[in-house]
Amino acid sequence: MTQNTSGLLPKRNRRRWLIADGCLVATALIGLSRKSLATGGKVRVGMTPAFLHDQHSLLDEWRAFMAASLRRPVEFIQRDSYRETMDLLRLEKLDFAWICDYPYLHLKQEVRLLAVPLYQGRPHYRSYLIVRSDNTQTRSITDLAGGVFAYADPYSNTGYLAPRYEIRQAGHDPKTFFRKTFFTWSHRKVVEAVASGLAQGGAVDSYIWDTLAIVEPALGARTRVVSRSPEYGFPPFVSHRSVSAAEFQMMQRHLLDMTKTDAGRRLLARLHLDGFTIGSPALYEGVAQMMRAFGEA
Amino acid sequence: MRWLFNLSFRHKIPLWTSFLIGFSIFVVGAAVMAHAYEDMKDAVVISAENLGHTLANTVAPTLLHDDVWRAFEIVRSPIRAESARTPIEVDAVVVLTQEHKVFVSSHPDTLPMLTEASALGPDWARLSEYLSAPAGTKWPLVLEPDQSSYLYVALPITDKDAQLGHLVLRYAKSVFHPWFIDTLRQGLWLGVLVLAVLIPINWYWGGRMAAPLVDLARRMGTMPQTVPQPLPPDLYPYDDELGQLFHAYDRMVLALRDKAALENEMVKSERLAAIGQLTAGIAHEINNPLAGLMTVVDTLRLRHDLDPRVLRNLELIDRGLMQIRDTVAALLVQTRAQARPLNQHDLEDIHTLIQPQVNKRRIRLDWSAAMPTELPAPASLVRQILINLLLNAVQAAAEGGHVSLWLGRKDDADSCLSIVVRNDGTLLSDEQLAHLFEPFASTRAGGHGLGLWVTYQIVTQLDGRISARNIDGEVEFVVNLPLGDTSCTTA
């Protein structure tokens, strides 16, 4: 009864917050937040499913490290969907956030690129098309036509935009291509949905799938990567435009210098990252191109 | 089958009680087990109802918003990673849409989403029919299809008034059985344990109950031939019906023994009386011709013309006739009424008379005569009794042995004189005891066997009693004589 409507839902939601954008309620909060930062108040960092954000001990360690390094109290604010984090950014309830490249392009007017993580030495990642490991027939996404497909998040590049783009490139309508699609609101859960057999296929962030294969080999082994997309710019750290230049530089310096301390290197190892680079918006041209294809940018 | 009822009580009581214990344990166990199975099913349904309500309420919004993943997380939450082990662990959870299609299931492999329920197998087809049933169905719907290894519990998923679908919980009955068998095995072990405790107790108790009965039966079995022994007093020291039975038996045995002793005594007395009569008759018959013969011999001897050879023969005949007369006289004991009472001098005389024999055989003689100056007893007869018994004892006692005399009032009663003579010679056999007082029943070489016969006759004629027995390794003779008119009771 609800087949083929899932593609519509996010669009409708997006429209809803675009309306919220028009409200001026947020502006009242800007002064407040800026003030708190300027007076050495709490640094609020948004964490999203861009990485394995349910590793609580890792988050605690990172927060403590960051607070010690910045000599400021730090608060990590976790949300399960990108849209919630995007809303918080837009309402200036966050100073910084680690978000996906697709939301970054959406929020280009509100945020500035702070730093880009280096994964396997480069600021890039891919989208993996995965199926259950006992499925040995599937060779590409077109073999999954008429099946049940799991997307990560309507604002995920690798978990939503990239697979739909691929279907579109193959000459199909992503709205009707699958019999049923659903969102799991996290890359990790896409892997679980596919592993359990709930969905025949799923699209997942390569960084997360690779990390999962190391952290939770049992779960990783229950899925198989069918195809890998072209490279996209890695989910970046952004700062709200309201954050002062000093604060911006302080945070950027902190991230870039993580490789210079033992504690920083240990944390990066746990995150399975190699460090941070300043990066450039040009990294995300591929994503922008796909968005244009769907008439979004 | 009859042999079972012919078994000894020793086996029958424990066997029957063991059987009854076993049977009771079995019946109670079976009832408890049957109840446990029903309880288990009830527990499953109650647990299913609780779980079902919770899941139905939480899953309702996901149906409204078509949030498959959240629904999956919810239906997956009660499922354990390992297969279900206890019966109340749910095996699978399925959310069906209003159209009876799978919206989501905890096991997408076997119950894939979007599938028609009727396509999932006969169980689900039945379930689908039940769910389509008109309103008024009592929730939760519990379905236990025949030939199926599952139990299904279904609940509606509602949001306010609108029904959105159904939640179906599936429970594996295969889990019931091992659990039930486990319970059964535990029950059996407990039963065996109870039996292991009760049966030995029961065998001990049964054996204890039966042992006196068995003993009683064995003793009574010998009854016509011999008088049985009384039961040991500690065999069954209780006062219930069994104890009363044993007491009655003991009383009966004692009565029987008394009766047998009495009969024995009567037979002996009658025999002796018959012998007495016979001897008296014979003695009279002999005495008459004997008197004639002796007169003739005396007359012949007075003649002077007899040949010396004939005279010698006559003397021979006379001595022979004299011997016959003495013997017959001895057999024919006649107590004549004598006025002289027994006095202390009589006893002293007897003591003096037997002294040579005592000395000759180096006998140790104990003399205990509590004798008043005079007793109203015929002196000569008592003297004869005493001499007979004492000489007998001295002869019977071993060389250098021991003889004792006790004379006095029996039990300090005025009416009875008691004489007890003992010797430490060879004990008397039963055979000897039976014929002791008969004439010519001598127990030793050289005796003519008339001493005790004469004593018996005298005692009997004085209305007394004489008896002999072996006691404390000695032979004892007891004579009780009445003093005056009242008779003595026998010892």
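The values are calculated or read from the model by the stated rules, or taken from the named source; none is laboratory data. Owing to the predicted nature of the structure, the values given are computational and were not obtained by experimental measurement. Glycine also receives a Cβ, built like all others from the backbone with ideal geometry; neighbour counts cover every protein chain displayed.
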Out of B:ARG185, B:ARG170, sole residue that is assigned by TED's automatic domain parsing to the domain that holds B:ARG80, modelled with pLDDT of 85 or more and among the charged types (D, E, K, R): B:ARG170
Residue count, region B:359-383 (criterion: touching a helix residue (DSSP H, G or I) at 6+ places or on another chain (Cβ under 6 Å), closer than 27 Å to B:SER415 by Cα and crowded, with 18+ Cβ neighbours inside 10 Å): 2
Matching residues in region B:65-82 - criterion: being within 14 Å of another protein chain (Cβ to nearest Cβ) and either closer than 23 Å to B:LEU141 by Cα or of a type in the set (Asp, Glu) (or both): B:ASP66, B:ASP67, B:ALA71, B:PHE72, B:GLU73, B:ILE74, B:VAL75, B:ARG76, B:SER77, B:ILE79
Anything in region B:274-314 that is among the hydrophobic types (A, V, I, L, M, F, W, C) and closer than 18 Å to B:ALA329 by Cβ? List them, or say none. B:ILE275, B:LEU278, B:ALA280, B:ILE282, B:ALA283, B:ILE286, B:LEU290, B:ALA291, B:LEU293, B:MET294, B:VAL297
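Given the criteria in contact with a Lys or Arg (Cβ under 7 Å, 6 or more places away or on another chain), of a type in the set (A, V, I, L, M, F, W, C) and either closer than 30 Å to B:GLU263 by Cβ or at pLDDT below 90 (or both), does B:VAL394 qualify?
Yes; evaluated as a whole, the condition is true for this residue.
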Would you check if there is a residue in region B:226-243 being of a type in the set (S, T, N, Q) and not in a helix (DSSP H, G or I)? yes
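Here's the yes/no breakdown for (1) in contact (Cβ under 8 Å) with a residue 12 or more places away in the chain; (2) among the small types (Gly, Ala, Ser):
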position	(1), (2)
B:PHE26	yes, no
B:ALA43	yes, yes
B:ILE46	no, no
B:ALA60	yes, yes
B:ILE88	yes, no
B:ASP109	no, no
Within the bounds of region A:207-218, is there any residue that is away from chain B (no Cβ under 14 Å) and either part of a strand (DSSP E or B) or over 21 Å from the mean Cα position of the chain (by Cα) (or both)? yes
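Tell me the helices (runs of 4 or more DSSP H) entirely within region A:1-98 that contain at least 1 residues that are modelled with pLDDT under 70 and of a type in the set (Ser, Thr, Tyr).
Qualifying helices (runs of 4 or more DSSP H): A:25-38.
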Any idea how many residues of region B:96-114 are more than 7 Å from every other protein chain (Cβ to nearest Cβ), within 17 Å of A:PHE149 (Cα to Cα) and either touching a Pro at 6+ places or on another chain (Cβ under 6 Å) or hydrophobic (A, V, I, L, M, F, W, C) (or both)? 4
Hey, does region B:25-39 have a residue that's touching a Leu at 6+ places or on another chain (Cβ under 6 Å), surrounded by 13 or more Cβ atoms within 10 Å (Cβ to Cβ) and among the β-branched types (Val, Ile, Thr)? no
Output for region A:193-206, where each listed residue is buried (at least 24 other Cβ atoms within 10 Å of the Cβ) and part of a helix (DSSP H, G or I): A:ALA193, A:VAL194
Matching residues, region A:207-225, being surrounded by 18 or more Cβ atoms within 10 Å (Cβ to Cβ) and of a type in the set (A, V, I, L, M, F, W, C): A:ILE208, A:TRP209, A:LEU212
Would you be able to say whether some residue in region A:281-294 is under 21 Å from the mean Cα position of the chain (by Cα) and among the β-branched types (Val, Ile, Thr)? yes
